[in-house]
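Okay, so here's the structure we're looking at.
The values are calculated or read from the model by the stated rules, or taken from the named source; none is laboratory data. Just so we're clear, the structure is a prediction, and the values are computed from it rather than from any experiment. All accessible areas refer to the heavy atoms of the entire protein, side chains included, with ligands and DNA or RNA removed. Shrake-Rupley method; radii C 1.70, N 1.55, O 1.52, S 1.80 Å.
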Amino acid sequence: MFEDYKAFKEKVGVDDVASYLGYKLDRKAGIGKYVEYNLRDGRGRKTDSIVISHPNDKSSQTYFHRNEASGGDAISLIRENISSFGVTGSSETDMLRAVMSKLTSDDSFVTKSEDRYNELKPQTFDIARFQMESAAEHFNAVMSFFRGRSIDEETVGTFLPFIMRVTDTEAQYKYKDLAFPYTRPGSEKIEGFELRGYNNFRQKAPGTNSSSAAWIADFTEEQPDNTRNVYFFESGYDAMAFYQVNKSRLCLETSVFVSTGGTFSSQQVKGITDYYPQARYWDCFDNDMPGILYGIRMEALLSGQFINIITTDDTIIFQKGADEVRLPKGEVTLNKVREKLGMDRHVYVWKAPKAFKDWNDVTMNRPMKDLPVKTKYQRNENLREKRRKSTV
């Protein structure tokens, strides 16, 4: 495997891996023996910064984080973010090989069986460590999580069968967290949790199966052939907010709401779409660049095609075989990429209004930039509140 790593690093440097993950070169920090790459969220706030050595020699590049001591080479950066590349495997080594193949378009990395990383054993989800409570039996306590997100009691009541309150009995602090349980399509076995807690705590439970399980709120009474629409989101909050804003336009009895908890794996999406074969699949991911690329990746996956995506400072490059499309970042949409690469339509788009990063920001009326007027949803909510008060 060492020779594979060496061959890979001759082709792909730390800067390439960082760019794929959304980091951008900070030219203001200077360009010399070291360069700095920054990662920012949808509001432009810096969330991480790494310093890379030997910018002109990919095979020698190493990095370290500004905010901590950890670092390493290109392989180390992949391992840190293994769930962000949309690959699956029975072990971390298999997933590493798949990422190496993806970033180099070289299938030889995934054809070998040697495993010298077998000492790295991924943690297995242990449901026994969690004390689980019914959300319905603790409705007022559960609402404390949702009020701050402007998700109302009617919406929470609708989704009660698909949320829980849990306590990690092995954690240092025994907080009672909101939990979105992860299951595989058609199964009731819980294989992880998307956890939300106080002080903006957000994390998946240790060992959560994000490769083939997801949060699935299925309102079809386990009749997959009756499902007409499957809506994909990055969080359970976003899914519930989407329902709250658009419920007059939805048929709940034929709908399924899915949270992948952020980035998704191919097996995760394929398992869900294969289980609901008659449905339309909706890209409701965030409006930031990662969210837009999730929809494009999903379309490529369902089309059975491989698209290599390269991110630069101001341009996204999409490569499909001999075809290549370059688009300014502000012009990238699933529909445009699909049209230019001649892809069939498998995924429909229903994102939050452009001024908002996600659907939960819509319910909170929290645009990415200040809006001169309120949204239609906000105006309707205010009108309903005024009518309610006038009848009291």
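All C-alpha to C-alpha distances of region 1-79, sorted into 10 Å bins beginning at zero, yield P(r) values of 19, 53, 24, 4, 0 percent in whole numbers. Amide H to amide H, with H built 1.01 Å from N, S150 comes under 5 Å of no residue 5 or more places away or on another chain. Heavy atoms of the protein chains alone define the surface here; on that basis region 312-361 has 52 Å² accessible area per residue at 1.4 Å probe size. Run the accessible area of the chain with a 1.4 Å probe and give the carbon-and-sulfur part as a rounded percent. Carbon-and-sulfur percentage of accessible area, whole number: 47. For D48, nonlocal amide neighbours, meaning residues 5 or more places apart or on other chains whose placed amide H falls under 5 Å from its own, are L39.
Karplus-derived 3J(HN,Hα) values for region 270-276, using 6.51 cos²θ - 1.76 cosθ + 1.60 with θ = phi - 60°, are 5, x, 6, 5, 5, 6, 10 Hz; glycine and proline are entered as x.
The C-alpha atoms of the chain occupy a region whose extents along the principal axes are 72, 50, 42 Å, arranged from largest to smallest. Across region 11-25, computed HN-Hα scalar couplings (Karplus, 6.51 cos²θ - 1.76 cosθ + 1.60, θ = phi - 60°) run 9, 10, x, 4, 5, 5, 5, 4, 5, 4, 7, x, 6, 10, 5 Hz from first to last residue, x flagging Gly and Pro. Do you know the relative contact order of the chain, to the nearest whole percent, from alpha carbon pairs under 8 angstrom that are 6+ apart? Once normalised by length, the contact order is 12 percent.
The figure for V99 is an accessible area of roughly 0 square angstrom, using a 1.4 Å probe on the protein chains alone.
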